[in-house]
Amino acid sequence: MENKEVAAGVKQVIAQFLIEGSIGAIKPFGSGHINDTYKISNADKNAPDYLLQRINHHIFKNVPGLIDNILYVTNHIKKKLAQVPGSDGDKQVLTLIGTKDGLFYHQDESGNYWRMYRFMNGTKSYDVVTNEKQAREGGRAFGNFQTMVADVEVSKLTEIIPDFHNIVFRLRQLDEAIKADAANRVKDVTSEIIFVNERAHDMAEIHRMGQAGKLPLRVTHNDTKFNNVLLDENDVAQCVIDLDTIMPGYTAFDFGDAVRTIINSAPEDEADLEKIQLNIPLFRAFAEGFLSQTINYMGVTEIRSLVKGVLLLPYIMGVRFLTDYLNGDVYYKIKSAGHNLKRARAQFQLVKKLEEHYTEIYAIVLQTVNENKELNEIDIKID
Ligand code: ADP
Ligand code: GN1
Ligand code: MG
């Protein structure tokens, strides 16, 4: 590691965990916007590598609750997999490493919280999807994950960030940021604010349907960007990761957030808006993978809501990035000045593209459902 002081601090933290072998190289890892991740290679070739994460406790205010959620869900899936011949709970599910204090997280002297996972060697995560196989595998993985946790009682989990995907709440946060104008940036974003306001009512439809009891509240992952699934060397999905936001939600959230990162041929923060184009074959492959795992327990209303989720999730991310830009970049890590505005603009451009192709996307979902009649007998037509 470049910074010796940081490396020494990290080594002290590692020493609190019950690891096998001995510490080798320590390298910053991944491209997440919230936590800090390090890969810990094992100097002992016969012992596992590890992944150490500093959990952002300004954002995740209840770290013990967050760790309990992860333990509950990973144990639940591991128990189920133990009954499935040919499956491997250590490879297909994250494994938290315990500490010498008998916990699954460690709080250091400065108040930072850390956790450690077994590192899954031979896996990759992608920020941008490059082929249909990857997209289908991503769909299968997130769909299967949701199926695996479908019987977890919602009340067993702590709602780790309340109102996380509640657009009404997120729009209120944006309004507050506009009023406060803490960084004197409102003047730069007039057209973005108009864009948000024009769509605010329509985008709250999932929220209204949920409030009216028309959508089943399920246990959802809530951060299904494509880089949160690990694929093996053959691009076969191995494990769904980044379980910090597991909590009650609607299936449309997970479907929409994954599509946001799969259908877009450009990165999440693409500055050249011309490059933000839809890759429809990747969407179709993802939808097929996802629905192959989930279709047998979804009803017509929930299936239709998936397509609304495809518009909602890039919109909500755009709103959140814009809010953070106005607040002076206090939530997401940024790599350069104006990064959050760049992200927001890219997400809004994606919303525009999705609006233009809405009927096509809708038709693909319905066609996929109709092709799976043996799994679910519903007959579904465009409304
Ligand atoms: P963040 O919340 O910052 O996105 P993640 O938990 O998604 O953090 O981890 C960041 C990256 O680290 C992932 O995108 C993935 O590439 C890698 N990663 C995470 N967990 C593991 C693991 N157990 N084994 C191997 N790689 C992992
Ligand atoms: C954050 O940590 P990371 O990068 O996986 C965010 C998600 C956003 C995502 C946008 C707790 O996820 O909600 O979708 O950035 N996580 C949190 O890339 O806010
Ligand atoms: Mg992640």
The simple spin-label model distance between Val154 and Lys333, using points 7 Å out along Cα→Cβ, in nm, is 3.3 nm
Using every pair of alpha-carbon atoms in segment 95-182, split the distances into 5 Å bins beginning at 0 and state the percent of pairs per bin, rounded to integers. 3, 9, 8, 11, 15, 17, 17, 12, 7, 1
With all protein chains present, the chain has a carbon and sulfur share of its accessible area (1.4 Å probe) in percent of 48 percent
Running a GNM on the chain with Cα contacts under 10 Å, which residue among Lys156, Lys45, Lys80 ends up with the highest mean-square fluctuation? Lys45
With a cut-off of 15 Å, note down the residues of segment 225-263 whose backbone N falls inside the zone around a label point 7 Å from the Cα of Phe29 toward its beta carbon. 228-232, 239-243
Would you compute, for the Cα atoms of segment 1-48, the largest minus smallest coordinate along each principal axis and list the three values in descending order, in whole Å? 32, 21, 19
Say R0 is 41 Å: what FRET efficiency, to the nearest 0.05, do Asp202 and His57 get from their beta-carbon distance? 0.70
Which percent of Cα-Cα pairs in segment 1-111 sits in each 5 Å bin, short to long? 2, 10, 17, 22, 22, 14, 8, 3, 1, 0
Taking a quarter of the surface of the convex hull around the Cα atoms of segment 132-371, what do you get in nm²? 12.9 nm²
Which length gain, in nm to one decimal place, applies between Thr37 and Asp88 when the Cα-Cα distance is subtracted from 0.36 nm times their residue separation? 15.9 nm
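With N denoting the number of residues in segment 186-275, provide Rg(C-alpha) divided by 2.2 N^0.38 Å, to two decimal places.
1.36
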Spin-label pair Ala47/Thr359, simplified geometry with 7 Å Cα→Cβ offset, distance in nm: 6.3 nm
Segment 189-205 residues near the modelled Asp175 label - backbone nitrogen below 13 Å, point 7 Å along Cα→Cβ: 197, 200-201
Short version: ³J(HN,Hα) in whole Hz for each residue of segment 281-292, in order, from phi by Karplus 6.51 cos²θ - 1.76 cosθ + 1.60 (θ = phi - 60°), x for Gly and Pro, what are they? x, 5, 4, 4, 4, 4, 4, 4, x, 5, 5, 4
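Report the calculated FRET efficiency for Val300 and Gln211 (r = Cβ-Cβ distance, R0 = 25 Å), to the nearest 0.05. Intermediate results must be reported in sequence, preceding the final value.
On the way: r = 19 Å, r/R0 = 0.76.
Efficiency at R0 = 25 Å is approximately 0.85.
Restricting things to Cα coordinates, could you compute the convex hull volume per residue of segment 254-345 in Å³?
103 Å³
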Search the structure for amide H atoms under 5 Å from the amide H of Gly24, placed 1.01 Å from N in the peptide plane, and list their residues when 5 or more places away or on another chain. Ser41, Asn42, Ala43
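Val186 to Asp272: extension gain in nm, 0.36 nm per residue of separation minus the Cα-Cα distance?
28.8 nm
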Across Asp49, Asp244, Asp151, the residue with the highest GNM fluctuation in the chain (Cα network, 10 Å cutoff) is Asp151
With every protein chain kept in place and a 1.4 Å probe, the chain has an accessible area per residue in Å² of 45 Å²
Straight-line reach from Lys124: which lysines have a Cα under 21 Å away, not including same-chain ones fewer than 8 places off? Lys27, Lys39, Lys45, Lys91, Lys133, Lys225
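The values are calculated or read from the model by the stated rules, or taken from the named source; none is laboratory data. Keep in mind that this is a model prediction, so the values were computed, not measured. Because the Cβ atoms are built from the backbone with ideal geometry, glycine has one as well, and the counts that use them run over all protein chains shown. Calculation scope for accessible area: heavy atoms of the full protein, side chains included, ligands and nucleic acids excluded. Shrake-Rupley method; radii C 1.70, N 1.55, O 1.52, S 1.80 Å.
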